[in-house]
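Undergrad: Quick one: the structure is below, questions incoming.
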Amino acid sequence: MCGLNGIYAYHAAANAPTDAELTRTRGFMAARGPDGAGTWWSADRRIGFGHRRLSILDLSPKADQPMISEDGRFILVFNGEIYNSPELRSELERLGISFITKSDTEVILNLYRIIGKKIVERLRGMFAIGIWDTIKGELFIARDPYGIKPLYYSDDGWTFRFASQVKALIAGGGIGRESEPAGLVGFHLWGHIPDPFTLYREIRALPAGHTMIVDRWGARQPERYFSIAEVLASAKTARLSPSDRADLIKEQVAQSVRAHLLADVEVGVFLSAGVDSGAVLGLAGDAGLSKPRAITLGFSEFQGTSDDERHMSEKIAKYYGAEHIVRTVGKDEFIRDIPRILADMDQPTIDGINSWFVAKAAREIGLKVALSGLGGDELLAGYPSFTDVPRWWRRYRWLAGVPGAGFVTRLLLRTLFPTLVASRPKVAYVFDYAASWEGSYLLRRGLFMPPELCHWLDPEIMRVGLNRLRPLDRLRNTLTPDPGSDGARVCALESTHYMRDQLLRDADWAGMSHGLEIRTPLVDALLLRDVAPAIHGLHPGDGKRALAGSPRRSLPAFVTERAKTGFSVPIGAWLEAIDDRHDSVSVSTNGQTSRSWARSVLTSQLTGEPEPHAPKQAAA
């Protein structure tokens, strides 16, 4: 796990890149790689790589980056972990290739020498990669199938820049800060900025599951090599019995957790009171992780309520023989840390505070790696959306297809039931959006509906942003090809949007701001391929029961029979305390106190001025 960056002045008339810009970009990512820093320049100084290292596999300096192939042809920078690198290493050794390190970095470098860009089809793990071919004069970049690791780039027609963070590219000084209307619209719709957009016009994310080539003629279009919808669609004809489905899930999840334990440092576990993290803890023990340290985040404001996960997680830790570490966070610590949280946040998001604090806790006890249960709900139908979205589509699609139905419904609701509309504003848009799967999903996950954005954004920014983002088309593309079943469609939607653009991105910036690698064994492309046949016909509840039964000692009833709750943070009470105290971290924009946490986050990213206030998510 690291931070990488590069600059390639591909146009003959472009100014040569400078050490200063490369170093500034690399230096901004110091928290991602506190164990070392490296730089490489081509002989003609037209391309340079920078790297910050967090050493996890092969802790010796021999595994530092940028790494150069034995023949000098290829230079590599890499961020992530390749969990099947031991198997790939053995294959390469049988071909006569020798290694001087035990790192997965060298495995990637040698495999690329043999099969080139097809390498992405062989790697199991999370990764962002940059490789320069000195003979072809060609830069290859790639991002893992799920997009667990970020990779951002900018191309002005002269020079190509890339890095692990948006803010790092900005810090380099070679990129403008003009805002991207599609990013602003996306943030207001969902509480995060959807890939490939960022907050800035000049910066894009390389989409998950894509590669890109840049040569002396410039950057080619990103090329897709992986699609969640395609994986699910290819398995839709495979029908399994309930028992076979459960057995398949148990077997493959156990294999994924085992693979994700690859490390030369201690691996800890994030533990909540839920099935996902509890199962990961149990499976890690089954795979040989002896008496792991399990970290639970607690809040004194939740004591005695269903939101307090400390007591339940303590019982789970004891059940699996783990050392349990509880880290309690209060409003005073939040108030002290909020400026740093907003500074660490690479792109605006309304979430991630819990990830930031639990990562802080893990690093305080010396951990560099922690397993997370993130992804279980998306893979195994754990969210209410797996019930709500299909139900709304079937219930309302006929009326939603009638011209004018949405307008008439809104008029009636606002006239006859103004209180209902005020408390549940998305109800007024059911007959505008429920005619399609993508519209029903937007109703379920959107903070606001597109027509509501006029209350938050300048009309021209709203118009341009919606035209560039095209939110319904974006969601519809997620379902192409058709995944083949209700559960598979929602799996594709949740995995591609909410999980990728918010949860995984939050895990990256929050973990890496503390130099902590967060691993997600339930978010794994090989796991998806293996369990895809089980996803079709999977009823809500079935998948999580199978997951709970995956460890040799199944999760006990006090976990499986507990009502599902989301992980909560008492941010509302903390922010009220800030307002009451008129604390110095509560600042104003244009003389007015900001009205929501979402607006505060956005302002902090645009201006650097933190404004902690919290939004209320509209409910359908």
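The values are calculated or read from the model by the stated rules, or taken from the named source; none is laboratory data. Note that the structure is predicted; figures quoted are calculated from it, not measured. Don't worry about glycine lacking a Cβ; one is built from the backbone with ideal geometry, like all the others, and counts go over all protein chains shown. SASA here: full protein model, heavy atoms, side chains in, ligands and nucleic acids out. Shrake-Rupley method; radii C 1.70, N 1.55, O 1.52, S 1.80 Å.
Undergrad: Filter segment 49-67 down to residues that are farther than 20 Å from ARG161 by Cα and of a type outside the set (Lys, Arg), then give me how many there are. Steps first, please.
TA: Step one: list which residues in segment 49-67 are farther than 20 Å from ARG161 by Cα, which gives 54-64.
Add one more test, that the residue is of a type outside the set (Lys, Arg), and what stays is 54-61, 63-64.
Residues that pass the stated criteria total 10.
Undergrad: Please work out which residue is modelled with the lowest pLDDT, limiting yourself to segment 452-469 and to residues that are in contact with a Phe, Trp or Tyr (Cβ under 9 Å, 6 or more places away or on another chain) and among the hydrophobic types (A, V, I, L, M, F, W, C).
TA: That would be TRP456.
Undergrad: Could you go through segment 501-519 and let me know if any residue there is open to solvent by less than 20 Å² (accessible area, probe 1.4 Å), basic (Lys, Arg) and more than 21 Å from SER385 (Cβ to Cβ).
TA: Yes, the conditions are met somewhere in segment 501-519.
Undergrad: Any residue at all in segment 180-190 that is part of a helix (DSSP H, G or I), open to solvent by 10 Å² or more (accessible area, probe 1.4 Å) and aromatic (Phe, Trp, Tyr)?
TA: Among the residues of segment 180-190, at least one is part of a helix (DSSP H, G or I), open to solvent by 10 Å² or more (accessible area, probe 1.4 Å) and aromatic (Phe, Trp, Tyr), which makes the answer yes.
Undergrad: Tell me the helices (runs of 4 or more DSSP H) entirely within segment 326-386 that contain at least 3 residues that are modelled with pLDDT of 95 or more.
TA: Once the helices (runs of 4 or more DSSP H) in segment 326-386 are filtered for at least 3 residues that are modelled with pLDDT of 95 or more, what remains is 353-364, 376-379.
Residue by residue, here is whether (1) under 21 Å from HIS210 (Cα atoms); (2) assigned to a strand (DSSP E or B); (3) within 22 Å of the chain's Cα centre (by Cα) holds:
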site	(1), (2), (3)
ILE135	no, no, no
PHE140	yes, yes, no
GLY147	yes, no, yes
SER154	yes, yes, yes
PHE160	yes, yes, no
ALA171	no, no, no
ILE175	no, no, no
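Undergrad: Now for a separate question. Of all the strands (runs of 3 or more DSSP E) wholly in segment 1-81, which have at least 3 residues that are aliphatic (A, V, I, L, M) and more than 24 Å from ARG519 (Cβ to Cβ)? Even if it seems obvious, please write down each step before you answer.
TA: Numbers: elements: 2-9, 36-41, 47-53.
Those strands (runs of 3 or more DSSP E) do not exist here; none qualify.
Undergrad: How many residues, within segment 61-89, are more than 25 Å from LYS136 (Cα to Cα), under 29 Å from the mean Cα position of the chain (by Cα) and not aliphatic (A, V, I, L, M)?
TA: Final tally of qualifying residues: 8.
Undergrad: Another question, if that's okay. Run down ARG45, ARG73, ARG32, ARG24 and say which single residue is open to solvent by less than 50 Å² (accessible area, probe 1.4 Å) and of a type in the set (D, E, K, R).
TA: On the way: ARG45 fails: open to solvent by less than 50 Å² (accessible area, probe 1.4 Å); ARG73 fails: open to solvent by less than 50 Å² (accessible area, probe 1.4 Å); ARG24 fails: open to solvent by less than 50 Å² (accessible area, probe 1.4 Å).
Among ARG45, ARG73, ARG32, ARG24, only ARG32 is open to solvent by less than 50 Å² (accessible area, probe 1.4 Å) and of a type in the set (D, E, K, R).
Undergrad: I would also like to ask the following. Which of the residues spanning segment 93-122 are surrounded by fewer than 19 Cβ atoms within 10 Å (Cβ to Cβ) and not in a loop (DSSP other than H, G, I, E, B)?
TA: The answer is GLU93, ARG94, ARG113, ILE114, ILE115, GLY116, LYS117, LYS118, GLU121.
Undergrad: A further question on this structure: For segment 526-544, how many residues are under 30 Å from ARG363 (Cβ atoms) and touching a Lys or Arg at 6+ places or on another chain (Cβ under 7 Å)?
TA: Number of matching residues: 1.
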